[in-house]
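The structure appears below as structure tokens.
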Amino acid sequence: MSDTRADVSQRTVDEDRATSGAPLDAETARAFAAEVQDHAGSAPDGDGRHVGTSVRRYGGDDRVTGSQRFVADLAFTDVAQVSLVTLPVAVADLHAVDTAAARAMPGVLAVVTAADLPQPVPRFGVSHQDRPVLADGEVIYHGEPVAAVVAETLEQAEAAARAVRVDFTEKPGAFDLDQALAPDAPLVRRPELRPDDDPHRESNVLETALYEWGEVEQAAAQAHVVVEDTYTFPMVTHFPIEPGGTVVVPTDGGGLEVHSPVQHPYLLQRSIAQVMGLPLAQVRVFAPDPGGGFGGKQMPKLEPLIAFLALRTGRPCRLVLSLEQTFQMMRRAACRVRARTGFDRDGALVFHDLECDYLIGAYADVAPRVMTKGSYVGAGPYRIPHARTASRAVMSNTTPSTAFRGFGCPQVAWATESQLDAGARELGLDALAIRRRNLVQEGEPFFRGPYAAHADGRWHESLEKAAELIGWDRPLPPGRGRGIAVAIKPGATSGLSQSLVRLLADGSAIAYAGTSDMGQGARTLWQQIVADELGTDLDKVHVVSGDTGVVPFDLQTSASRSTVFMGNAVLEACRDIRRRILALYAESTEIDAEELSERPGELVTPDGVLPLRDAAHVALGALGGEFVGQGTARMRGRKGHPLGGDAAFYEFNCTAIEVEVDHETGELLLHKHVSVSDVGTELNPAQVVSQDEGASIMGLGHSQMEQLLLDEHGVIRNLGALDYRIPTFKDVPLELVTHGIENHDGPGPYGSKGISEGALLCTAGALGAAVSEAIGWVVRDLPLTPERVWTALQEKAATADP
């Protein structure tokens, strides 16, 4: 084929046309098109498409062979190393920081404290501008940097950091919800740092949210059964394989180049520009593909500090955190939920009343948003005539919490799903039956009021499929229990993604998309879409991302939004190219554009179907060149909406688990774990499976073993991989089954939805119900460690004793 195209081109294009840029004449162009059609045979049909097939992950070989270069692997000329100075306590007043000895040590370039920064010390943040670049007069969580040392080598920087002397007085702190909400609680944030009109400035409550419809108290009086309990969800850390790190390079023009495995490069660019007082054009962010993020690498943390150090020293400055330090930079919010739920005689929900307290940590980060969004769907995907969810984001002297896969929803779903099971037990109903009774149908509202939210999928299909796959009606062997649970999470409520796609003269293509590929396989999806839409080979599509100086704007990589938002932007860019090819082909061949049409990979002409890349070749003529398409996916918010806008889609999942409990040790053996998600359309089935499996196992982590433990000073006791347990191959279910329900009803390309978080939303509910059935006792606190399950067994035995 390529030889044929070359021969035809040489035969038909004369020198004058080539130098003048004139198109092929119509007769020649049409002759060329006919010749191409003769050689092309039938145009590829749907069977040849890449979307919908399990294409191997773009860059996957580099990840599994270890050849992928993370930030810590990058080499920089004349780079200086940074080490942080922290205290062995969580809360303290700082009286003085003596840096004299450290400054005199070999290789030290600078020792910086808050006093060396612009005054007042700059603060930054997404929802609240509350986090200082360095601790300013006080430390309010374990691991907060007091000073930073810059030296020629890491060893010199660490030695000098140890030589810094800090005069401080430890203060009492608020490390859990009871301490933080006590009337005499020490205040995490000084009132003078909060707005005068802040109604909560004399407390540790940062923000509140209230969602309600109907008349809960009146309904409570009419319910046949009312169950009331309290549930707790622990602090857990993200545990990405790649720890945090940043390298900042000052440029000759006074700007900065920031290298960071951040999920939101453009947000980091904006934050650095604001803190440093630079125009956006002077801050360029390079974001290599992160080695896992799970929400923890969304918001700036230490990057502004490293930017100051780079400008102060005039040297590239590099900070790579240890895993232990990464634990001190990010975590999921703990939560306590007091729940009261009423049912009628048939198990129909009458009312649901929740009070949710999220323990968010020392600085706001994005935690208020986590609280509001998680609480919004707190009542679950159910038909409830009366509901109230009152939530608070409560500050504490702990690691600032941030976004984490599930974004506040797993915490409340644990309570709501457990309440469904409690009601079922009271009524003598089956756990599956009570969910069949109350789960909304497609199009039915589950959140009521002026900003009602409706089911955007056939969610009962997921419930029934999970019940089938777990064998719900199969008799249980002795000692085992089985649980089933459902949950939802709102997708993004606004957003903007822009993409450029270039179709080059040889039929290869380059897609520019700002999505950070942190393992979810975003690059692969863009490759698949471009290959199908432009009719090029998969391996001829190159994806560029992670550079704000080259790639168009993308708001964020989070909320499972990228498939929908950036996917649509890439798709639109490809379709823009198809339209441009059609228009130029019509001009080149003098065929009326009305006689032409385009479709994925093809141009339809009066003489037949032409592969798009050949049509592009005809259209471009002798000068060659390329087509450039631009695509934008924009979703505006909705004024007055409690979330700022309607969700673009909802992630819905049903999880069912069968577990065996060792009554001597409290250990759990998961025989089967089923996860069924409403996916719209699976663009890459292998990637959907991997996302569901990963989320399922991550959900088992917070359900079964993960928790951050503090001592009386607020110091984290289990920093690092040895003392903080996450699931290993020894802990995963003997059989893990995932399934996607495809109804092609999503807002993304080809009817897809976001899917990366669903499988962990209700893991705790399913596992908790299974354990309760196996031991005949209900546990309402996570994680379900062997110790906690064993203790429950002893409580049960004590209750049974005469």
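The values are calculated or read from the model by the stated rules, or taken from the named source; none is laboratory data. Keep in mind that what you see is a predicted model, and the values were worked out from it rather than measured. Heads up, the Cβs are rebuilt from the backbone with ideal geometry, glycines too, and the neighbour counts pull from every protein chain shown. The protein model used for the area step is the full one, side chains on, heavy atoms only, and it has no ligands, DNA or RNA in it. Shrake-Rupley method; radii C 1.70, N 1.55, O 1.52, S 1.80 Å.
The figures follow:
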{"quantity": "Modelled FRET efficiency - R0 25 Å, residue 77 with residue 100, Cβ distances, 0.05 increments", "calculated": "0.25"}
{"quantity": "MRE, 222 nm, helices only [DSSP H, n ≥ 4, -39500 (n - 2.57), over the chain, to nearest 500]", "calculated": "-9000 deg cm²/dmol"}
{"quantity": "Cα shape, segment 398-458, gyration tensor, a/c 1.5 rule", "calculated": "oblate"}
{"quantity": "Pairwise FRET efficiency - residue 241 versus residue 170, Cβ, R0 = 25 Å, nearest 0.05", "calculated": "0.15"}
{"quantity": "Residues of segment 231-268 with amide N under 15 Å of the 7 Å Cα→Cβ point at residue 154", "calculated": "242-247"}
{"quantity": "Inter-label distance for residue 196 and residue 476, nm, one decimal - labels placed 7 Å from Cα along Cα-to-Cβ", "calculated": "6.1"}
{"quantity": "Alpha-carbon gyration tensor eigenvalues x 5, square-rooted, for the chain, Å", "calculated": "48, 38, 22"}
{"quantity": "Residue 583-residue 544 pseudo-label distance in nm [points 7 Å out on the Cα-to-Cβ vector]", "calculated": "2.3"}
{"quantity": "Å² of accessible area per residue within segment 176-222, as computed with a 1.4 Å probe and no ligands counted", "calculated": "62"}
{"quantity": "Where labels lie 7 Å past Cα in the beta-carbon direction, separation of residue 788 and residue 64 in nm", "calculated": "3.5"}
{"quantity": "Over 28 Å (Cα to Cα) - which of 297/540; 672/796; 639/753 fall in this group", "calculated": "297/540"}
{"quantity": "Extension reserve of the residue 121-residue 178 stretch, reckoned as 0.36 nm per residue once the Cα distance is removed", "calculated": "17.4 nm"}
{"quantity": "1.4 Å probe accessible area per residue over segment 529-587, in Å²", "calculated": "30"}
{"quantity": "Translational diffusion of segment 170-212, µm² s⁻¹ [Kirkwood Rh, Cα pairs; Stokes-Einstein; 25 °C; 0.890 mPa s]", "calculated": "214"}
{"quantity": "Enclosed volume per residue, in Å³, of the convex hull spanned by Cα atoms of segment 501-550", "calculated": "65"}
{"quantity": "Whole-angstrom Cα spans of segment 353-509 along principal axes, big to small", "calculated": "65, 50, 39"}
{"quantity": "Gained length - residue 725 relative to residue 595, 0.36 nm times residue gap less alpha-carbon distance", "calculated": "40.3 nm"}
{"quantity": "Per-peptide average of other Cβ atoms within 10 Å, ordering 391-399, 104-112 highest first", "calculated": "391-399, 104-112"}
{"quantity": "Convex hull of segment 91-239 built on C-alpha atoms - directionally averaged projected area, nm²", "calculated": "14.0"}
{"quantity": "For segment 238-362, projected area of the alpha-carbon convex hull averaged over all directions, nm²", "calculated": "11.0"}
{"quantity": "Residues of type aspartates and glutamates that residue 171 reaches as a straight line, Cα spacing below 19 Å, ignoring anything fewer than 8 places off in the same chain", "calculated": "93, 136, 138, 144, 184, 192, 202, 711, 712"}
{"quantity": "Sorted peptide list for 678-689, 518-529, 199-210, criterion being average Cβ within 10 angstrom, highest first", "calculated": "518-529, 678-689, 199-210"}
{"quantity": "Sorted peptide list for 749-762, 432-445, 140-153, 771-784, criterion being average Cβ within 10 angstrom, highest first", "calculated": "749-762, 140-153, 771-784, 432-445"}
